[in-house]
Amino acid sequence: MLRSRFVNGWKVVLVAASAIATPIAVQFGIEATALSSLAPPKHTKIAVLPRIDSDPFALLEELPTAPPSATLPTLVESGNAKVEARVKALAAELGRMWTRDPELLVRAIENAAKSVLSPPPDTLLLAIAHAETNGHILDVSEAGAVGLSQATPIAYREEGFTGALYVTDDYLIGARAYIMKKPLGDADTIASLVIEKSRPGTRERARKLLASAKRLRRVGVDDLQLLRPYATDTFFQRIEAADRHNAAVLRDLQHLLDNGDMDEIKRFRDRIRDDYRAMKRLQVEAWSEYQRDLIEERDRRLESRYKMNASVVKSADAYEAGDWLGETFDERFSPKAMARFLVVHLERKTNEARKLKRPRGRTVEQLTAGLYNGGSHNVQRMIAGLITRLPETEKYMRKVPATRSRLDAIVAGSGSGNAIRTLR
């Protein structure tokens, strides 16, 4: 604040703020409280202003202000620049892994992760997306999985999505056969163990496997209820009948392990194997029909809208086409929706993996990848020893952590280029 006093006919401007007035007073060798009553010292220069009647504080408005520096970025601009550099680096690395439209994929995942309070690491999300489709976001799998995240109708509804969903009788029949054949496969595995390795301890090992089979018999069965909006009552009645049959099969096997001879076990195994293979054929044939129908309808709609071959549309602008298909046909084609699905579904699988009894040498991340690819019904059976080999899922469990590690190296800067800090 500025104050003024008249001294010998002159108007003297004084600085009243204590932080400034005190040094001035000390410099002149006088007390600040006495300054107003003294004339200026003979040899001291004091800045004075001609006497004016207007408000002296108005003079402050005329002082020029320093212009902002155009060369210094704001915090927001600085943060955006780092995010942009990070997106470019991740996209470049995915491009080196033969990923289609890598930058669009990275941006879709980044935007989806922002919508969740504590999302999984985005390098893990990208590793899963890369393993699923390599960026071919309009793909349809043999199991009826669709889009960027390869979501099945059951998984899509499990995560609470309510958009358009293309479900046919073929998908329903295949899904029922896929789940309900699992206990038959378990019975075949256990009976075959006894037949092929008839030595002390084999039946005890078989009994332990049978206990696991009984515990896992209904894994996935309740998930079929998610298909209720698309199925008839007969569909669910057949599920109940198959579940009762599976329970009876495992009881019969228990009796044979306790009391049966080898010939009885062989006859049981051959009969159950025939049933299992019949259900697997039904599953494969039904899902193949569903895959064909879904692809044909997808391409028909694209060609009708864009007036060109569907393969050209998918190559030229899959993301725009996917958004349109997601709105008008099946939301699983939408890259935005499937990026959100990936975030929440991977979080679910991570939580499931943490609860599993982890085999030696397996990490939570490997099991998470396995659950995403093979489902809980398969991974739990693999851990229990009921499934001895699951080649596709085992490969997936190796590939995803390796891809994530590669992307993490790019973010951290230990790959090519400088370090790029992960922003959260």
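Values quoted throughout were computed directly from the atomic coordinates according to the rules given, and no laboratory measurement underlies them. The structure presented is a predicted model; accordingly, all values stated were derived computationally and were not measured. Please note: Cβ atoms are built from the backbone with ideal geometry, for glycine as well, and neighbour counts cover all protein chains shown.
Brief remarks follow.
- The stretch between R292 and T234 holds 18.4 nm of extra length on full extension. This uses 0.36 nm per residue minus the Cα-Cα distance.
- Fully extending the segment from H255 to R207, taken as 0.36 nm per residue of separation minus the present Cα-Cα distance, adds 16.2 nm.
- Under the simplified labelling scheme, the E264-E142 pair shows an inter-label distance of 3.8 nm, with each label point 7 Å from Cα along Cα→Cβ.
- Computed from point charges on the beta carbon alone (+1 for Lys and Arg, -1 for Asp and Glu), the dipole magnitude for the stretch 73-157 about its Cα centre is near 140 Debye.
- Leading residue at positive end of dipole, the stretch 166-329 (Cβ point charges), from A242, L184, P229: L184
- In summary, the lysines within cross-link reach of K181, defined as a Cα separation below 16 angstrom excluding same-chain residues under 8 places away, comprise K214, K280.
- Computed E for S311/H245 - FRET, C-beta separation, R0 41 angstrom, nearest 0.05: 0.35
- Within the stretch 312-368, trypsin sites (Lys or Arg not before Pro) in DSSP loop having at most 12 other beta-carbon neighbours inside 10 Å: K357, R360
- Magnitude of the charge dipole, the stretch 166-329, Cβ model with Lys/Arg +1 and Asp/Glu -1, debye to 20: 840
- Value of relative contact order over the stretch 166-329, rounded to a whole percent, pairs C-alpha under 8 Å and six or more apart: 37
- Take the Cα radius of gyration of the stretch 285-336 and divide it by 2.2 N^0.38 Å, N being the number of residues; the result is 1.12.
- Per-residue Cβ neighbour rank within 10 angstrom, fewest leading, L184, L257: L257, L184
- Under 14 Å of direct C-alpha separation, and excluding same-chain neighbours fewer than eight residues apart, K82 reaches these aspartates and glutamates: E110.
- Reach of K314 by Cα under 23 Å, taken over lysines that are not fewer than 8 positions away in the same chain: K88, K336
- Relative intensity of the stretch 136-217 on a log10 scale, I(q)/I(0) at q = 0.12, 0.18 Å⁻¹, equals -0.56, -0.81, per a Debye sum over C-alpha point scatterers of equal strength in the absence of solvent.
- Cα principal axis extents for the stretch 158-300, largest first, Å: 60, 25, 24
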